Amino acid sequence: MADAYIVAAGRTAGGRRDGKLSQWHPADLAAEVLNALVDRSGIDPTAVDDVIMGCVTQAGEQALQVGRNAVLSSKLPQTVPAVTIDRQCGSSQQAVQFAAQAVMSGTQDVVIAAGTESMSRVPMFSNMMLHKKAGIGGSAYSPRVLEKYGVDNFSQFDGAELVAKKYGFDRTTLDRFALESHRLAAVADDADAFVEEIVPVDVDGTPHLRDEGIRREATLDGLAGLKTLTEGGVITAGNASQICDGSSGVMIVSEHALKKYGLTPMARIVGMSVTAGDPVIMLDEPVAATRKVLDRTGMSLDDIDLYEVNEAFAPIPLAWLKAMGADPEKLNVNGGAIALGHPLGASGTKLMTTLIYALKARGKRYGLQTMCEGGGIANATIIEAL
């Protein structure tokens, strides 16, 4: 089978809700990443065959095909097509897999996989809530589906609680994990570990270069004082991912494109999987996706040097570690979404970018990325740093 290579990767530094990036239109924010990928790869912009853009809340400024609007806002010519996809939190990780599949099939040679999400300007769930307030339509979940699963609603927050209960994680365990995420992110930030991967964007005349969400002052006592999201539960705003504005992307090319355009590969796509399971517990699916990609590649977890498991909620990476018997020292080594933010549709290529640069910095070879997604779906991708 033909190979797919990553030749450029980048992400904006995360912006807190109503923070430094909230003045940026999400299409323009994505355009900055597209421009950076072209500049970093050195490729002729006309050589790009397609842009696949992940975005979850496709409403307001993210409506009407934000991927295409990002292309029109960028230095890419208008002849470059784009598509916007929604696989919930895994949208841009799925964009990577679709782009790799296009390249590996031989139908395209240069594809950008990216994601954008302004959670300040287009709040989460606003695509449903505004319709509800206007009296237009009903729930996204039909009565037939809800009856089938015996629930009144599907909720990621309920799913996180169910995962914590399934694996026996108490509040203190989750808070300790959250605190460690902030510590690792602070250490990485202080060591300038993110400098190469970050695409600077202008904020009031100053480039935005640092993730806003890192809480160096966080303490276990402080986290313990936060109110749980549900009565008697263990999930709080402190041990869940942060609302975040951001964009990210990677450029994926064929071996033919490497030679034709004189490109330098950063990484190779080794294996990909996507699986689906119980939509009620919802967030436990990264375990199945990981097992599937390892089986397809003939690899074991011992072969993997670093893992990026999205910290949507603290019990998710902890459950993955426990179920897989994985090494915690290899997990989210520069912190995760609890500290760095989770810009929904942009998180897939954000994590991929961080994984590539983390492997490079440590002289390591293989990385695995997986994340939970709404509806009980998960993607898993293995890369080889080159």
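Taking the range 115-149 as the range and being aromatic (F, W, Y) and farther than 24 Å from G249 by Cα as the test, the residues that pass are Y141, Y149. Among residues of the range 174-192 that are aromatic (F, W, Y), those with a Cβ under 9 angstrom from a residue that is modelled with pLDDT of 95 or more, sequence gap 6+ or separate chain, pair up as F177/F169; F177/N239; F177/E311; F177/A314; F177/P315; F177/P317; F177/L318; F177/I338. In the range 287-308, of all residues being among the small types (G, A, S) and within 15 Å of G277 (Cβ to Cβ), the one that is surrounded by the most Cβ atoms within 10 Å (Cβ to Cβ) corresponds to A289.
Note on the range 55-80: residues that are in contact (Cβ under 8 Å) with a residue 40 or more places away in the chain and in contact with a Leu (Cβ under 8 Å, 6 or more places away or on another chain) amount to 9.
Scan the range 186-200 for residues that are aliphatic (A, V, I, L, M) and touching a Lys or Arg at 6+ places or on another chain (Cβ under 9 Å) and the total you get is 3. Please determine whether any residue of the range 223-244 is of a type in the set (K, R) and in contact (Cβ under 8 Å) with a residue 40 or more places away in the chain. No - not one qualifying residue is present in the range 223-244. Contact map, the range 82-101: residues that are assigned to a strand (DSSP E or B) paired with residues that are open to solvent by 20 Å² or more (accessible area, probe 1.4 Å), Cβ distance under 6 Å, separation 6+ or inter-chain. Pairs shown: A82/R68; T84/Q65. In this structure, A178 does satisfy being under 23 Å from the mean Cα position of the chain (by Cα) and closer than 28 Å to M282 by Cβ. Among the residues of the range 265-297, the one identified as more than 18 Å from the chain's Cα centre (by Cα), β-branched (V, I, T) and under 16 Å from T353 (Cα atoms) is V270. If you go through the range 88-118 and pick out every residue that is surrounded by 24 or more Cβ atoms within 10 Å (Cβ to Cβ), more than 30 Å from G262 (Cβ to Cβ) and touching an Asp or Glu at 6+ places or on another chain (Cβ under 6 Å), you end up with 3. Exactly one residue out of T236, T230, T219 is at pLDDT below 95, of a type in the set (S, T, Y), over 19 Å from the mean Cα position of the chain (by Cα) and at negative phi: that is T230. Does the range 67-74 contain any residue that is under 21 Å from the mean Cα position of the chain (by Cα), farther than 30 Å from M1 by Cα and either assigned to a loop (DSSP other than H, G, I, E, B) or not aliphatic (A, V, I, L, M) (or both)? The answer is yes, given that some residue of the range 67-74 is under 21 Å from the mean Cα position of the chain (by Cα), farther than 30 Å from M1 by Cα and either assigned to a loop (DSSP other than H, G, I, E, B) or not aliphatic (A, V, I, L, M) (or both). Taken together, D50, D44 contain a single residue that is open to solvent by 40 Å² or more (accessible area, probe 1.4 Å) and not hydroxyl-bearing (S, T, Y), which is D44.
The values are calculated or read from the model by the stated rules, or taken from the named source; none is laboratory data. A quick note: this is a predicted structure, and the numbers were derived from the prediction, not measured. Note: ideal-geometry Cβ built from the backbone for every residue, glycine included; neighbour counts use all protein chains shown. All accessible areas refer to the heavy atoms of the entire protein, side chains included, with ligands and DNA or RNA removed. Shrake-Rupley method; radii C 1.70, N 1.55, O 1.52, S 1.80 Å.
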